[in-house]
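Data block below; observations after.
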Amino acid sequence: MLADLRQEGDLLEELLRLLPAEDWDRRTPAEGWTIRQQVAHLTWTERTVLTALEKPEVFAQLREQFRAEADVVDRGAQEGAARPPAEILASWQDSRRRVLERLAAVPEGERIPWMGTPLGAPMMASARIMETFAHGQDVRDALGAPPVASHRLRHVAHLGVATRDYAFRQRGLEPPAEPFRVELTHEDEAWTWGSAEASQRVHGPALDFALLATRRRHRQDGSLVAEGPDADAWLDIVQAFAGQPGPGRAPRADRR
């Protein structure tokens with residue numbers, strides 16, 4: 001899993017290392033966020049992970065600030081983005097390297113404090129893959145680069161499935177009592193979650209689900225299929241990340 005996290009970061013780093021300084025000010029699909037803000041945000045989050053790993057008492061204070069101040073994440077991105085692009089990139093490179101090293105040293109079974117439930121090292125690594133994929137896709141969209149379908153999407157998809165009930169509760173809705181069956185395809189592989197007997201089902205390409213679960217694409221831009229009213233409702237609100245879902249993305253012009 002740590003190898004997957006490293007590879008997902010390497011994929012984004014390949015784009016950023018070759019990016020002219022003036023292109024760091026390109027707007028991304030996230031309203032108000034340029035490429036600068038996207039990378040600065042990733043750095044802020046990596047450093048927050050390091051604080052949780054190395055200084056849990058300091059992280060506890062940061063978590064309370066996060067809960068009390070809705071704009072703390074945006075402020076962190078804006079402050080980090082004020083530096084020159086080379087410094088932003090170097091800071092992110094250093095931060096993600098240190099996170100990889102620290103996660104590798106976490107003893108099996110130890111829990112890392114986080115914004116919600118404490119996480120084991122594997123789940124924290126999975127969450128970092130998901131966030132790197134999501135913000136990396138914002139950068140790719142700003143540069144006109146297509147999404148990359150890799151085996152690492154399985155981590156993103158797993159988080160999207162695991163947070164099903166959370167997505168409903170975030171919107172004040174009661175989660176469905178019935179379990180879902182999720183069947184996703186990637187190249188010649190089939191990834192599944194839930195009982196094969198479930199009547200509420202979702203199936204389609206893993207890339208489409210990952211983009212939807214990170215709210216980087218509108219539902220109608222993909223080819224996911226829902227069977228059953230609860231599964232259908234879920235695809236409108238699915239989110240693989242903690243916090244407010246945000247407005248999501250409008251349908252792409254070529255799919256309207």
Between region 137-215 and region 3-29, what is the separation of their alpha carbon centroids in Å? 24
At 1.4 Å probe size, put LEU5, LEU15 in order of accessible surface, largest to smallest. LEU15, LEU5
Fraction in percent of alpha-carbon pairs per bin - 10 Å, the chain: 7, 30, 37, 22, 4, 0
Contour minus end-to-end for ALA3 and GLU22, with contour as 0.36 nm per residue of separation and end-to-end as the Cα-Cα distance? 3.7 nm
Prolate/oblate/rounded label for region 1-67 (Cα gyration tensor, a/c 1.5): oblate
What part of the accessible area of region 1-152, given as a whole %, is carbon or sulfur when the probe is 1.4 angstrom? 52
Length-normalised contact order of the chain in % [C-alpha pairs under 8 Å, at least 6 apart]: 17
Each label point is 7 Å from the Cα along the Cα-to-Cβ direction; what then is the distance between the points at ALA145 and GLU227, in nm? 3.8
Binned Cα-Cα distance frequencies in region 106-169 - 10 Å width, integer %: 19, 42, 31, 8, 0
Once the piece of chain linking TYR166 and ASP10 is laid out straight, how much longer is it, given 0.36 nm per residue of separation minus the C-alpha distance between them? 53.1 nm
Below 9 angstrom from the Cβ of MET115, what's the summed charge of the other residues (Lys, Arg +1; Asp, Glu -1)? +2
Could you please report the charge total around ALA86, scoring K, R as +1 and D, E as -1 over all other residues with beta-carbon less than 15 angstrom from its beta-carbon? -3
Per residue, in Å², the accessible surface of region 150-236 once ligands and nucleic acids are set aside, probe 1.4 Å: 46
Multiply the residue gap between ALA198 and GLU64 by 0.36 nm, knock off their C-alpha separation, and tell me the result in nm, one decimal place. 44.3 nm
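The values are calculated or read from the model by the stated rules, or taken from the named source; none is laboratory data. What you see is a predicted model; the values in this text were computed from it and never measured. Cβ: placed from backbone, ideal geometry, glycine included. Neighbour counts: every protein chain shown. Quick note on the areas: whole protein, heavy atoms, side chains included, nothing else; ligands and nucleic acids left out. Shrake-Rupley method; radii C 1.70, N 1.55, O 1.52, S 1.80 Å.
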